[in-house]
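Everything on this sheet refers to the single structure shown next.
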Amino acid sequence: MNVDQLVDVLRSDPGFMEQVVRWEEIPAREARYAPFPARLDQRLIPVLEKRGIHRLYTHQARAIEEVLEDRDVVVVTPTASGKTMCYNLPVLSAILQNPDARALYLFPTKALSADQVSELYDMIQLTGADIKTFTYDGDTPGTARKAVRQAGHVVVTNPDMLHSGILPHHTKWVKLFENLRYIIIDEIHTYRGVFGSNLANVLRRLLRLCEFYGSHPRFILCSATIANPRELAETLTGRTVTLIDDNGAPVGRRHFVFYNPPVYNQQLQLRQSVISTTRDIAGMLLRNGVQSITFARSRLVVEVLTRYLKDMVRDPLGNAGRVRGYRGGYLPTQRREIEQGLRAGRIDAVISTNALELGIDIGSLDACVLCGYPGTIASAWQQAGRAGRRQTSSIIFYVASSAPVDQYIVTHPDYFLRKSPENALLNPDNLYILMSHFKCAAYELPFADGDTFGNAPSPDMLLTYLSEEHILRHVGGRYHWMAEDFPASDFGLRSGAEENFVIVDITDPAHHVVIGEMDRFTVPMLLHENAIYMHEGVQYQVEKLDLEHCKAFIRHVEVDYYTDADLNVSLSLLDVEERQDLPDSMHLCLGEVKVSTLVTKFKKIKLDTRENVGFGFVRLPEMDMHTTAMWWRLPDTLIRSFSNDTLENGLMGVSNLLRIVSPLYLMCAPLDVVVVYQVKSPITDGPSLILYDSFPGGMGLASKAYRMQRLLLEKCLDIVRSCRCPQGCPSCVGPVMEVGEDGKAAAVRILTCLLDMLTA
Amino acid sequence: MNLLEKLRSLEKTQKAAEKGPVFTECLVRTEKRPAGAFPDQSFITRDALGLIRSQDLPLPGDPVRILYLDTETTGLRSGAGTVAFEVGCGHMEPHGFVLNQYVMRDYPEEPFLLEKVREEIEKCDLIVTFNGKTFDLPLLQTRFLMNRVSAACLDRPHLDLLHAGRRLWKRRLEKCTLSNLEAEILGQPRCDDLPGSEAPARYFAFLKTGNFGLLEDVLRHNAQDVASMCMLLGKMCRLYAQPEQIGFSEDLFSMGDALEKEELRIQARRIYRMVPRGRLHGQARARLAHSFRRFGSPGEARDVWLEMIESREGGILPFVELAKYYEHTEPDLEKALEMTEKALAVLSEDWPGRDSGTVQKSVNALQYRHMRLRKKLAAAGTCRDPKERQGD
């Protein structure tokens, strides 16, 4: 069955259509072409023609022209629009014209580098030129490294390796740094938050070294669709970047089906589980021979769905192999095999985490099922983009879970369809991150008086600080590294916490094995003594947590419960940065707070029934984090108009709404930002709503929230008003059982009042 | 006080950059040690050095001017920010060993230190270091580059005594660190020595306090390192020149191995022949035969294998090798078959440490060879009657 036939079948099925909230058709788009740019090295044209390419899509041609005009560009590319041409062609052209020219390719993951290198190899083979492309990452054997450093025209690596393996040893890479023409960064939309802030600083270091070696490389960046690709590109690179987003690649008609599983308990608003609904839809696709990809949010759900679908087609002929799972944790060879199977059409259904959201080449599929909302509009479109043939129709199903955000999306399809995707947010000047990279930079090349570090604010202040700490020595107008440390090995790029705990399995006393690691802020929750820790579905009990040496010792157990720790969080004020006073003691602030977390107790919860079957005590010291927060202190008249209970219910409702809304507008994971309410806040001495970054030093989330607070409050009000539940549900203020019968109304009143005050 | 507060308080009190002192040179400290403390120096000749490292040592005639070089650094991991704050350069003169230690008393003296080191290097024909291949020389290369000074002088011939020493003594000594070689090879165990790993901390303490006394231990350690290299090279050259004085068969075997790696086949064969009866004798013979076989003297290889069989050395190896030899080189298929059968017979014996897996692999290979030889013999029409073999 093809997709058009499937569409007819589904539309005539009233049982199916009853749950369809919206059926959106996205019309087909014709291809638009442009000739090869005149400045492109003409030797490449026969190469392209051999590959069947006789002209370029408009966006490709424009990107190449801009690059050849010596401008930095960011290309916004939907899946399968031929983005690699946008960077491979200028790079090959430059190397053909000057064999000394070098290019550096950065991909966020190793899997992606492998994919792109093979494509570049093919092109190079066809040119017949002696152009050497090497991957330089943790897997590159020591013996090959020298050759890569000396002879690689194109060095393919990842930000982590650049940070700890290349920049601190730049003197071994003289050829690369002296001749660096292009820096290619693909998938820049993944570089937001902490990771992006780190990359921006790695690039500051890179450019600083390029200047030392006398090169001035250009950036070619690629991004999936996000709201602010140019802003992101400019923040990452510190350069003015030309945006190219006029996609000339064709795509067939696409159907986007918003599906809400049926409610089986009206009072509790309980819906049929998203997993079984997804299973039914993916199964229907599988039975009808429509090649599909299903995205699930957790690894566990991926495994469960894979199992369901395999069982559906399992037979002695080995047809279960037509269904495959895909996620982090699989071996690279297995991943490659699955990707190839998808391209070759040997696999009919793949169930994946967001691991396949990135630009790994798996070809285009007929259908995509989103099992729950992936958290951002950008992600959802990335995933949906996996379905989309150039000529024929494709179909996407969004299956909502009962989670508040999911329900919001399914009941507001326009929010999803019409709204631009999120902003990608990063803060390269985050003090923690900046300081760490600044040290690396000082190690790599001494700062001289008056030197800058990209566009980082106040480098002089940092230099003076590091000198006073005896990490740098200021003498003769330069700041020299005077510590034994190797600063780049002190921290990784993908988490704000600089310390990691290793998890050691001591089941076999003779053979201790490190099975994983965890950042220090999560450790008290999941690795306190007596916690049940789950790793690849296997249960372990934590026997000993060694805080001093950052190790958790665990032992394999088989029990029928898991543990959930109670986290006590208290906030105290360190500093107010900005304050707006309004009448009636209402005020709003942006400032620094100390978040003290203490785990005192944990619950034991039965695996199957989720009953509480006991508890235990945790003895761990309090952990402090300094971060950025913003808060609203409610006006006195409003407070007095509520009973104490109603006030608390209302605050709880608003904080629930803010928790739903803020990740959508701050472009962060729900866990990146914390929203709490306090009936009597030690910070403001009154009932308050507080939002803070869950990263040390802050990630700029609270300050962005502070700037867009009216929008946030308006969206909260929108949600609660348009929600059709009578007294609160998970999609707005929270279920009645949580916020009480008056919670929803109180939340509306609080929001209205705050907005009125802000407008007045 | 948190980081942010500290930074803010700094911002308020930030002073204008001070005008510091002017730096025009690095510290040079020269020391002479009497020649008597350096035995075996006369053995350090172009020829002896050529035995230790033949391929990339294009040395002029004697005397070879040798620079013994060792650095003390601000970190033990090399990277762009690790600096050599002291470089010890030693060379032998007719009246004794001259050691120049160049110390930068602060970072701005680095260019002057590097200039001195460059001069030292340019005066020599050969740089000798201990672990300089991976550490000292790349580090100097980085320092030259960071100071925008040409590093061309580093292209000079270089002998790394760590590698040369390992080749020679790894079979006998547990570790081939410089201090261990001093104790085991030179018979001069070090005492009161500052561990090299403490040098960076000492240097930073000196920078903070200005107390040069903190560096004395580091300089003493460095001087010892440089002097030891010179003694060690003398000893090593002497052993190469007079291998008959080597008292350990491990060392002899290792020397043969080292010479072979340098493609000094004739010399290597001579050394292998010197390995006395005992544990490594068989292995040395096998190497010897291998060397003959590989480089055009199959007849001599055959003789060595036959000797090995005579003295019951080398397990199945001489049989297998002879089987190959008789099959392909001589050729004498009957003898080849005989050797294959003998090898199989050896394998069927039980001996301590017998690993049945490995044995099975050898048996399979031999049986395959046996089969092929029989086919060849049959084709040649000279095969023994298969029935004749049934009693085997």
Dipole axis of the protein assembly as shown (+1 Lys, Arg; -1 Asp, Glu on Cβ), positive-most option in A:H480, A:S420, A:M623: A:S420
Partner chain Cβ atoms within 10 Å, averaged over the residues of A:469-480 - can you pull that number for me? 4
Could you please rank A:K544, A:K603, A:K310, placing first whichever residue has the fewest other Cβ atoms within 10 Å of its Cβ? A:K544, A:K603, A:K310
Normalised by the number of residues in chain A, what is the relative contact order in percent for Cα pairs under 8 Å and 6+ residues apart? 10
Could you pull out every residue, at least 5 positions away or on a different chain, whose amide H is within less than 5 Å of the one on B:T73? Hs are placed 1.01 Å off N in the peptide plane, and Pro or chain starts have none. B:F85
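Only sites in a loop by DSSP and with at most 13 other Cβ atoms within 10 Å count here; which GluC sites (Glu not before Pro) in segment A:571-667 make the cut?
A:E611, A:E622
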If you line up the long axis of helix B:199-209 against the longest principal axis of chain B, both from Cα atoms, how many degrees apart are they, to the nearest 10? 0
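How much mean residue ellipticity at 222 nm does chain B get from its helices, if each DSSP H run of length 4 or more adds -39500 (n - 2.57) and you divide by all residues, to the nearest 500 deg cm²/dmol?
Calculated at 222 nm, the ellipticity per residue is -16000 deg cm²/dmol.
For segment B:27-241, what is the convex hull volume of the alpha-carbon atoms per residue, in Å³?
Here the figure is 120 Å³ per residue.
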For A:V369, other-chain or 5+-apart residues with amide H closer than 5 Å (H placed, Pro excluded) are A:I293, A:T294, A:F295, A:F397
How well do other chains shield peptide B:78-87, expressed as the mean number of their Cβ atoms within 10 Å of each residue Cβ? 6
Evaluate the charge dipole of chain A about its Cα centre and quote only its size in Debye, nearest 20, assuming +1 on the Cβ of each Lys and Arg and -1 on the Cβ of each Asp and Glu. 2000
In terms of Cα to Cα distance under 15 Å, which aspartates and glutamates are near enough to B:K208, apart from those fewer than 8 places away along the same chain? A:E468, A:E469, A:E484, B:D106
At most 11 other Cβ atoms within 10 Å and a DSSP loop assignment: could you name the GluC sites (Glu not before Pro) in segment A:1-49 that fit? A:E30
Considering only DSSP beta bridges whose two residues both sit in segment A:33-244, what percent are antiparallel, to the nearest 5? 10
A:R205, A:R32, A:R579 arranged by Cβ crowding within 10 Å, fewest neighbours leading: A:R579, A:R32, A:R205
Once amide H atoms are built 1.01 Å from N in the peptide plane, which residues 5 or more positions from A:C729, or in another chain, come under 5 Å H to H? A:G734
CD proxy at 222 nm, helix term only [per DSSP H run n ≥ 4: -39500 (n - 2.57); per residue of chain A; nearest 500]: -11000 deg cm²/dmol
Convex hull of Cα atoms in chain A, direction-averaged projection (nm²): 35.8
Which distance in Å, rounded to a whole number, links the C-alpha centroids of segment A:340-382 and segment A:729-760? 38
Hull volume in cubic angstrom per residue (convex hull over the Cα atoms of chain B): 231
With respect to the cross-link table entries A:K146/A:K175; A:K172/B:K133; A:K146/B:K170; A:K83/A:K704; A:K146/B:K116, which display a Cα-Cα separation exceeding 20 Å? A:K146/B:K170; A:K83/A:K704; A:K146/B:K116
Relative exposure of A:M625, A:M1, B:M371, B:M255, judged by other C-beta atoms within 10 Å (fewest first): B:M371, A:M1, A:M625, B:M255
Residue by residue, what Karplus-based ³J(HN,Hα) values in Hz, rounded to whole numbers, does segment A:453-460 have, using 6.51, -1.76 and 1.60 with θ = phi - 60° and x for Gly and Pro? 10, x, 9, 5, x, 6, x, 4
Got a sec to turn the phi values of segment A:175-181 into Karplus ³J(HN,Hα) couplings, 6.51 cos²θ - 1.76 cosθ + 1.60 with θ = phi - 60°, whole Hz, x for Gly and Pro? 4, 5, 5, 5, 10, 5, 9
Nearest 5 is fine: what % of DSSP beta bridges in segment B:27-241 come out antiparallel, could you say? 80
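Rule-based calculations on the coordinates, nothing more; no lab input. Quantities reported herein were computed from a predicted structural model and do not represent experimental measurements. We place every Cβ from the backbone using ideal geometry, glycine too, and count neighbours over all the protein chains shown.
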